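Below: the structure, in structure tokens.
The values are calculated or read from the model by the stated rules, or taken from the named source; none is laboratory data. All figures in this text were calculated on a predicted structure; none of them were measured in a lab. Cβ coordinates were reconstructed from backbone atoms using ideal geometry, including for glycine residues, and neighbour counts include every protein chain displayed.
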Amino acid sequence: MTTKIGALIMAALLVLYIALVGWRAVQFMATGEPVAIAMGVALVVLPIIAVWALWRELSFGVRSHELVKRLDAEGGLDLELPLLPSGRPERGAAKAELDGFISAAEAEAESWRAALRLGLAYDAAGDRRSARQAVRRAIELERAER
């Protein structure tokens, strides 16, 4: 829950930032000076990119959370990895088990469940980039399944 609150706070701060930068862009463009107009245009384009990136990240978070909840409800979330006292999986054990998850995902190439378990295993092993790729694949596969 604290992660959701943190994401919402960051999103609200970004919206505030975008509004303030947008106002500054209008002020720059209103001067009529070519350099100021160019700066104003840049200040409009950059927040648009920021909004797109924010939407993409929030959408990824919501969709991946929904898939994790769905997989958990089906009873397929148990990765059987040893946990640290904090509740996080032990990284070394997760790395040792990773080949099994990769093989399972390759064997079930069209299964969003296998791709999601692979993403969670990569995350447990500390490979965030591969985890995000696998979870994105799971989201795509689940969409195609609908």
Query raised in the report: Gly76 passes all but one of (1) on the phi > 0 side of the Ramachandran plot; (2) modelled with pLDDT under 85; which number fails?
Result: (1)
Query raised in the report: In the range 72-89, is there at least one residue being more than 19 Å from Asp127 (Cβ to Cβ) and assigned to a helix (DSSP H, G or I)?
Result: yes
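Which residue out of Glu90, Glu140, Glu80, Glu110 is of a type in the set (D, E, K, R) and within 16 Å of the chain's Cα centre (by Cα)?
Answer to the check: Glu140.
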Query raised in the report: In this structure, is Leu67 touching an Asp or Glu at 6+ places or on another chain (Cβ under 8 Å) and free of Cβ contacts under 8 Å to residues at least 12 places away in the same chain?
Result: no
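Matching residues to (1) among the aliphatic types (A, V, I, L, M); (2) assigned to a helix (DSSP H, G or I); (3) in contact with a helix residue (DSSP H, G or I) (Cβ under 7 Å, 6 or more places away or on another chain); (4) farther than 26 Å from Glu57 by Cα:
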| residue | (1), (2), (3), (4) |
| --- | --- |
| Thr3 | no, yes, no, no |
| Ala11 | yes, yes, yes, no |
| Trp23 | no, yes, no, no |
| Ala36 | yes, yes, yes, yes |
| Leu43 | yes, yes, yes, no |
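To keep it simple, each residue is scored yes or no on (1) outside the structural domain of Arg63 (by TED's automatic domain parsing); (2) modelled with pLDDT of 85 or more; (3) surrounded by fewer than 17 Cβ atoms within 10 Å (Cβ to Cβ); (4) within 15 Å of Arg136 (Cα to Cα).
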site: Glu80; (1), (2), (3), (4): yes, no, yes, no
site: Pro85; (1), (2), (3), (4): yes, no, yes, no
site: Ala96; (1), (2), (3), (4): yes, no, yes, no
site: Asp99; (1), (2), (3), (4): yes, yes, yes, no
site: Ala104; (1), (2), (3), (4): yes, yes, yes, no
site: Ala109; (1), (2), (3), (4): yes, yes, yes, yes
site: Arg113; (1), (2), (3), (4): yes, yes, no, yes
site: Gly119; (1), (2), (3), (4): yes, yes, no, yes
